[in-house]
Amino acid sequence: MLQPACQYLVPSRFGLYEVEAEHMPRNWPRWAAQTVQADMKITHGNPRNVQHASHLPDCDLSLTADENFLRMLDQIAEQAPVSVGRGRRAAQAAHDGIVEAIQPALRTL
């Protein structure tokens, strides 16, 4: 008998209650990014922000020129159940190139 496809969209007991966030470090920041962005302006960059957020447990620092992404990173880092990279603002890359744009942000480390 065929089952409706929507049955796979219903959260399971395992996913909601039996898994600890510390054991799934990339899922929590991804969920948090989606949740935080729900209160922000929707742009074409939102899906990419969620993808980038899943890599936060793997880094110490995330440089960005995007103010909304930086605000999202700060909110995630404050509440994350695992250690995540902190966000730091970098200048927009100009004609000089990206290296010149990020050097001032790296000097403050």
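The values are calculated or read from the model by the stated rules, or taken from the named source; none is laboratory data. From a predicted model like this one, the values you see are computed outputs, not experimental measurements. Neighbour counts are summed over all protein chains in view; Cβ atoms, including those assigned to glycine, are modelled from backbone coordinates with ideal geometry. Just the protein is used for accessible areas: all its heavy atoms, side chains included, with ligands, DNA and RNA removed. Shrake-Rupley method; radii C 1.70, N 1.55, O 1.52, S 1.80 Å.
Of the conditions (1) within 30 Å of GLU20 (Cα to Cα); (2) open to solvent by 60 Å² or more (accessible area, probe 1.4 Å); (3) not aromatic (Phe, Trp, Tyr), ASP74 clears all except one; give me its number.
(2)
Is there a residue in segment 97-106 that is outside any helix (DSSP H, G or I) and closer than 28 Å to PHE14 by Cα?
Scanning segment 97-106, I find no residue that is outside any helix (DSSP H, G or I) and closer than 28 Å to PHE14 by Cα, so the answer is no.
Which count do you get for residues in segment 1-46 that are open to solvent by 70 Å² or more (accessible area, probe 1.4 Å), at pLDDT below 85, farther than 13 Å from PHE69 by Cα and of a type outside the set (Ser, Thr, Tyr)?
Looking only at that region, the number is 18.
Closer than 17 Å to TRP31 by Cα, in contact with a Ser or Thr (Cβ under 9 Å, 6 or more places away or on another chain) and free of Cβ contacts under 8 Å to residues at least 24 places away in the same chain: is that true of LEU70 in this structure?
When the stated conditions are applied, LEU70 passes them.
Could you check how many residues of segment 47-66 are within 13 Å of GLY87 (Cβ to Cβ) and either of a type in the set (Val, Ile, Thr) or open to solvent by 80 Å² or more (accessible area, probe 1.4 Å) (or both)?
Total satisfying the criteria: 4.
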